[in-house]
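*Asks:* Quick one: the structure is below, and I'll ask about it shortly.
The values are calculated or read from the model by the stated rules, or taken from the named source; none is laboratory data. Computed from a predicted structure; not experimentally measured. Here the Cβ positions follow ideal geometry from the backbone for every residue, glycine too, while neighbour counts run over all protein chains shown. Please note that ligands, DNA and RNA were not included when accessible areas were found on the heavy atoms of the full protein model with its side chains. Shrake-Rupley method; radii C 1.70, N 1.55, O 1.52, S 1.80 Å.
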Amino acid sequence: MRINNLGLSFTGLFLLFGCGSIAQASSLSLSSAVVNPGGTATLGVALTVSGTAPAGLEWTMAYSPSQISAISITPGPAATAAVKTLSCASGSGVATCILTGLNTNAIGSGVVAYLSATVAPGTTTASILMSNPMGTDSNGDGVSVVSGGGGTVTVPSLSTVTCSPTTLNSGATSTCTITLTQSAPTGGSSVTLASNNTLLNVPATVTIAAGATTVTFSATAAASIANNQTATVTATLGSSSQTAAVSLLAPVLVSTVACSPSTLGQSAVSTCTVTLTQTA
C-alpha cells in the first residue's frame, strides 16, 4: 500500500513526471537496539544523501508479529527540518511510510523517522527489514534510494548464576554473580531473585547497570542451621531463568564423651571417646 497526503503514490508521481537521470544513490537504513523483555525499543530510520537530495521518500518495513507485538512510527529531526509530513499505513507485520510536504525542500542526511517496537513475550531477537525505498526530487523526478539495511531488536537473557563459596556454615555469606548474554539496555535490567530455603536469604531484586553484563549480590545463611541441607537460588529475567545451589552446613557439635573404664585405680588409664554430631 502506498499513500500520501496528496492522494498519489510515488509510483504515480514517477508516471506523471518521469524518472530523472540517476547518478548516485542515497540510502535508507534502520538502526538496531537492545531492550528488556516485554519492553519497547526505539530505532531510527536514517537517510544518507548521496547526489541529489530527495524532497520526498517512501519505504516499507517488515517484521514478524510473533516477535514484535506493536509498532508506532513518528517523524525524525531530518523530516521536521524539511517541514515534511509522515504518513504510514500499517498491517500485520508490515508498514509502508511516505514522507512528503507541500514544499520543494530537500531532505538532508539524518534520522527521518523513529520506529518504536514492542517485543512480544519470550522474544530474544527480532529482525525488521527495510525494503522498497523510493524518492523524488523537488521537480518531481525520481531519485535513486537504496536500502542500507534493516535493524535488529535484541533482548538480553540470563546466561549464568554462580555463587562462591558454594558451602556455607551458620551466618556465613556467599557472593553470587549473575551474567547476561549481552550488555543491559538503557535504564538497566532488573532481575528477580528467590531462594527455595528460608535458611538462605537473598535480596528480592538486583539491577544490572546499563552497559554492564554482570552484577553481584550476597546470599546469607541463617544464624542457626539444625541439619545439613541445600538451598537453590533462582534468578529470573523475563522468560529466562538460571539457578545456583548452595549447601548449608549445621555446626559440628560434641554429641557424647565416654570413658572406659569409668573407674580408675592409682596410675590406671582410661580410654575416652569423643563423638561429634557429624563429620568434622
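*Asks:* Tell me the per residue accessible area of segment 111-240 using a 1.4 Å probe; a whole number in Å² is fine.
*Replies:* With all protein chains present, segment 111-240 gives 42 Å² per residue.
*Asks:* If you roll a 1.4 angstrom probe over the protein chains with everything in place, what fraction of the accessible area of segment 112-232 belongs to carbon and sulfur, to the nearest %?
*Replies:* C and S fraction of accessible area: 48 percent.
*Asks:* Still on this structure, I have one more. Can you pull the accessible area of Leu158 for me, 1.4 Å probe, Å² to the nearest 10?
*Replies:* Here the accessible area works out near 10 Å².
*Asks:* Further question: Please compute the length gained on full extension between Ser92 and Ala25, using 0.36 nm multiplied by the number of residues separating them and subtracting their Cα-Cα distance.
*Replies:* Between Ser92 and Ala25, full extension yields an extra 21.1 nm.
*Asks:* Let me ask something else about it. I'd like to compare 134-144, 64-74, 236-246: which one has the highest average count of other Cβ atoms within 10 Å, and what's the full order after that?
*Replies:* 134-144, 236-246, 64-74
*Asks:* If you don't mind, another one. Using 7 Å Cα-to-Cβ label points, what is the Ala226/Ser131 separation (nm, one decimal)?
*Replies:* Going by the 7 Å Cα→Cβ label model, 6.6 nm.
*Asks:* Considering only DSSP beta bridges where both residues belong to the chain, give the percentage that are antiparallel (nearest 5).
*Replies:* Around 90 percent of the beta bridges assigned by DSSP in the chain are antiparallel ones.
*Asks:* While we're here: Given Cα pairs under 8 Å that are at least 6 residues apart, what percent is the relative contact order of segment 83-235?
*Replies:* 16
*Asks:* Please report, for the Cα atoms of the chain, the Rg to one decimal and the Dmax as a whole number; what are they, in angstrom?
*Replies:* Here Rg and the maximum Cα pair distance are 32.8, 127 Å.
*Asks:* Counting only helical runs of four or more DSSP H residues, what would the 222 nm mean residue ellipticity of the chain come to if each run contributes -39,500 (n - 2.57) and the total is spread over all its residues?
*Replies:* The helix-only estimate for the chain comes to -1000 deg cm²/dmol at 222 nm.
*Asks:* Rounded to the nearest Å, what's the spacing between the alpha carbon centres of segment 176-245 and segment 93-136? Just the number, please.
*Replies:* Each part's Cα centre sits 39 Å from the other's.
*Asks:* What percent do you get for the relative contact order of the chain when only Cα pairs under 8 Å and 6+ apart count?
*Replies:* Worked out over the chain, it gives 18 percent.
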